[in-house]
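These notes concern the structure reproduced below.
The values are calculated or read from the model by the stated rules, or taken from the named source; none is laboratory data. Just so it is clear, the model here is predicted, and its values are computed rather than measured. Note: ideal-geometry Cβ built from the backbone for every residue, glycine included; neighbour counts use all protein chains shown. We work out accessible area using only protein heavy atoms, side chains counted, and drop any ligands, DNA or RNA first. Shrake-Rupley method; radii C 1.70, N 1.55, O 1.52, S 1.80 Å.
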Amino acid sequence: MDDKILNSLNPSQFMNRVKEREMAISKASAQLPDAEKSANKLAHLLHPKNQSMTIAEIINHNQNCKSYILKSEAPSCAYFSSGQYLSVEVDIDGNKASRPYSISSSPKDSLAGVYRITVKAVPDGLVSNHIINNWTVGTKVNVSAPIGTFTYEPLRDEKQVIAIAGGSGITPFVSLANAVADGDEDCNLVILYSCHTESDILFREELDKLQASCDKIKVVYVVSSEEGHINAEMIKKHTTKEPFSVFICGPQRMYAGINEELKKFNLKRKHIRFESHEERVISTNSKTSMCMITVLCRGNKVCFEGTCDKTILRNLEENHITPTTRCRNGECGFCRSRLISGDVYISDKIDKRRKADIDHGYIHPCCTYPVGNIVIEITDSSSSIPF
């Protein structure tokens, strides 16, 4: 600083400023202001705990599959990246549960307060069948903020993306195709969409329009009953060169086969992404089909008889105990609970716990099966427990 400027400063002015501030503080109210910081407003807008929506439109794909247009009660809803999902809450005769459903609409639609999800009824599907049979236009629905990492990331993924879909697993790729067409994502997208018959193909008209309007999008329909399943030869036929990123979404039975086919390419592991929200049916080799499940939560205890062929979370939900959960495959970590005693089974292929959780006995009930009698402690303070 220039010496002349420095010498012109009057120290007493600084001392007076301190007194002015002390006087202002003494006159101020002890009550914190209600005004919310701009950063907090933005955080709540982008990452709300819950969002209140209304069913604005229902699209019937077939008898067992429908798409629902959800309209936010606010001017907009939380923005998302293609490939993310919503955890949808339902109340079935007083039994609360939640299920994850991929968002199939364009991310830009969220700016207008709109999401689209697709629900396919499955055998013994507690929530999916309830939605298909009971949701109507005007039904009020609570959903989570968008969640998930099944998204295109330019820093990790290649410019060329091969999306392999099976059945209703097409939903995240319909969203991605819209995002590419809108200019929100910059990749060359090839969708290999497998269905058992042509009548099972979802969003065909929309996908055809997208590929006709955007040269970065190509959709190949594979009717498995006529052409067989997607294999390495099909993938190679529709790729321009290696490397490329592969995203796979569909029923769990297709994953092992696709994974074997992908071994025929020189792909890095980071370029192969799988997504599946459905609960996996796993053989636990339990010697008994029934067990006693004891639940501890906030100093209270409840016991009930459960079954070993269902996940602990499904057993809990069927007995009106609803820990917070956002997925059904151990990824989100919301339902994390402590195993006090007893034996459980979880496949090492879907075990996504941290090493510290494994060492200290924590489990994810959504993908963990009881092998016999167990005692667990639910650590989620917001859980609904009928004590």
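For the chain, give the magnitude of the charge dipole about the Cα centre (Cβ charges: +1 Lys/Arg, -1 Asp/Glu; no others), in debye to the nearest 20.
Details: 47 positive and 47 negative charges, 182 e Å.
The calculation lands at about 880 debye.
Which value, in Å², gives the accessible area per residue of the chain when a 1.4 Å probe is used on the protein heavy atoms?
Working: 20720 Å² over 387 residues.
Value for the chain: 54 Å² per residue.
Roll a 1.4 angstrom probe over the protein heavy atoms and tell me the percent of accessible area of the stretch 155-207 that is carbon or sulfur.
Values: 760 of 1750 Å².
Of the solvent-accessible surface of the stretch 155-207, carbon and sulfur hold 44 percent.
Using a basic spin-label model with each label point 7 Å from the Cα along Cα→Cβ, how many nm lie between residue 52 and residue 64?
Calculated label separation equals 3.6 nm.
I need to check one value: relative contact order of the stretch 68-165, counting alpha carbon pairs closer than 8 Å and at least 6 residues apart, in percent.
Details: 144 pairs, mean separation 34.3, N = 98.
Answer for the stretch 68-165 is 35 percent.
Identify which of 62, 188, 142 has the largest mean-square fluctuation in a Gaussian network model of the chain, with springs joining Cα atoms closer than 10 Å.
62
Given R₀ = 35 Å, what would the calculated FRET efficiency be for residue 252 paired with residue 91, taking r from the Cβ atoms and rounding to 0.05?
Numbers: r = 28 Å, r/R0 = 0.79.
Efficiency at R0 = 35 Å is approximately 0.80.
Where the only charges are on Cβ atoms (+1 Lys, Arg; -1 Asp, Glu), what is the dipole of the stretch 59-149 about its Cα centre, to the nearest 20 debye? Walk me through the numbers before you get to the answer.
Details: 8 positive and 6 negative charges, 46 e Å.
Dipole of the stretch 59-149, to the nearest 20 debye: 220 debye.
What ranking of 374, 201 comes out by heavy-atom accessible area, probe 1.4 Å, highest first?
Working: 374 0, 201 25 Å².
Per-residue accessible area, sorted high to low, gives 201, 374.
I'd like the carbon and sulfur percentage of the solvent accessible area for the stretch 20-108, probe radius 1.4 Å, heavy atoms only, ligands and nucleic acids excluded.
Carbon with sulfur: 52 percent of the solvent-accessible area.
How would you classify the stretch 131-281 from its alpha-carbon gyration tensor, with a ≥ b ≥ c the square roots of the eigenvalues: rounded for a/c under 1.5, else prolate if a/b is greater than b/c, otherwise oblate?
Working: a/c = 1.43, a/b = 1.30, b/c = 1.10.
Rounded.
Suppose a student asked you for the relative contact order of the stretch 189-263, using Cα pairs under 8 Å spaced at least 6 residues apart; what percent would you report? All intermediate terms of the calculation are to be shown ahead of the outcome.
On the way: 57 pairs, mean separation 25.1, N = 75.
The value is 33 percent.
Roughly speaking, what is the centre-to-centre gap between the stretch 33-94 and the stretch 218-235 when only Cα atoms are used, to the nearest Å?
Centre-to-centre (Cα) distance: 34 Å.
Provide the percentage of antiparallel DSSP beta bridges, counting only those with both residues in the chain; round to the nearest 5.
Values: 47 of 74 bridges.
Roughly 65 percent of the beta bridges in the chain run antiparallel, per DSSP.
Over all distinct Cα pairs, what is the inverse of the mean 1/r for the chain, reported as the Kirkwood hydrodynamic radius in Å? Working shown, then result.
Numbers: mean 1/r = 0.0421 Å⁻¹.
After inverting the mean inverse Cα-Cα distance, the result is 23.7 Å.
Can you give the relative contact order of the chain as a percent, counting alpha carbon pairs under 8 Å and 6+ residues apart? Don't skip to the end; give the middle numbers.
On the way: 745 pairs, mean separation 50.5, N = 387.
13 percent.
Expressed as a whole number of Å, what is the distance separating the alpha-carbon centroids of the stretch 308-375 and the stretch 143-166?
First find each Cα centre; the distance between them is then 26 Å.
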